[in-house]
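Q: Dropping the structure in here first, questions after.
No value in this document is a laboratory result; all are computed from the given coordinates. Bear in mind the structure is a predicted one, so any value in this text is a computation, not a measurement. Methodologically, a virtual Cβ is constructed for each residue, glycine included, from the backbone with ideal geometry; neighbour enumeration extends over all protein chains shown.
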Amino acid sequence: MREHDSIPMLPPMPKPSRRRRRAHRGILTLLVFVTLGTLAALALIARGRYARIADDSLRRAEELFQGGAFHKAGQEFEHFSQEFPRDPRSPSAKRAAGLSNVAKSIDDDLSDPRRISETLATFASDFVKEPDLRERWPIILEMVERHARALLERANRSLSRPDLESANVWRSWLHEQHRAADPGAQRDLRDLDELASNALDAIDTQERRRGFDSIERIRS
């Protein structure tokens, strides 16, 4: 039986020298550091982009609130709190969304002024723990004062007691807020007090006149 030719064997590979092994380890270490540095840089870029998006969203919400667009401001504040829940400003944004939703109801004639003023009072009690609310509060005061003035001017024209009563709810609330902030601030509301007094006198006079006229018609 014929023996098969033996398969030629390759000579053994020479072992890399110690210097070459060190060079390889150095290259691998460098690649690891470069990779980690690249990942860290990408993470920083992503974090910076995330922070800019959050800042832009909150800035838009504040601008809308300052401009009196409370409905859109509430939506933007709510969007911020939902999209950036881990942001330390998220709880403040959620409270601002609630305040915006209340603020948009202030000048709604169909809303109950007593209920709204009571809700606003709960926000006012958070001044100490919510510095951002203190910055937004002047907008609320200005809006309430403007609405109360409009109601009083309308009451003086139409001699409508419901308008006067709604205006007086807001006028009393404003006095409470101003006294809490600065006792001397009541002077700012004297013109509202005068409008309310004039409207009350005119309405009372009209109602007495109507009463006299009714009596005269009965007698005649």
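Q: Calculate, for E142 and R115, the FRET efficiency according to 1/(1 + (r/R0)^6) with r their C-beta to C-beta distance and R0 25 Å; round to the nearest 0.05.
A: Details: r = 21 Å, r/R0 = 0.83.
Efficiency computed from Cβ-Cβ geometry: 0.75.
Q: Same structure, new question: Enumerate by residue number the chymotrypsin sites (Phe, Trp or Tyr not before Pro) in the range 55-134 meeting two conditions: DSSP loop (anything except H, G, I, E, B), and at most 13 other Cβ atoms within 10 Å of the site's Cβ. The partial results should precede the final answer.
A: Numbers: sites: F65, F70, F77, F80, F123, F127; in loops: F127.
Loop-located and lightly packed - F127.
Q: Just the projected area, averaged over all directions, of the convex hull on the alpha carbon atoms of the range 115-213: how many nm²? Provide the component values of the computation, followed by the final result.
A: Working: hull surface 26.8 nm².
Averaging across all directions leaves 6.7 nm² for the Cα convex hull.
Q: Label points 7 Å out from Cα along the Cβ direction at Q82 and D191: separation in nm?
A: Here the modelled spin labels are 4.2 nm apart.
Q: Quick check for me: using +1 on Lys/Arg Cβ and -1 on Asp/Glu Cβ, what's the dipole size of the range 110-161 about its Cα centre, in debye to the nearest 20?
A: Working: 10 positive and 9 negative charges, 75 e Å.
In total the dipole reaches around 360 debye.
Q: For the residue pair F212 and V32, what label-to-label distance in nm results when each label sits 7 Å from Cα along the Cα-to-beta-carbon direction?
A: Result for the modelled spin labels: 10.3 nm.
Q: Continuing with this model, one more query. Treating only the Cβ atoms of Lys and Arg (+1) and Asp and Glu (-1) as charged, compute the dipole magnitude of the range 115-213 about its Cα centre; round to the nearest 20 debye. It would help to have the intermediate numbers written out before the result.
A: Numbers: 16 positive and 20 negative charges, 48 e Å.
About 220 debye.
Q: Taking the Cα centre of the range 54-104 as origin and charging only Cβ (+1 Lys, Arg; -1 Asp, Glu), how large is the dipole, in debye to the nearest 20?
A: Numbers: 8 positive and 8 negative charges, 40 e Å.
In total the dipole reaches around 200 debye.
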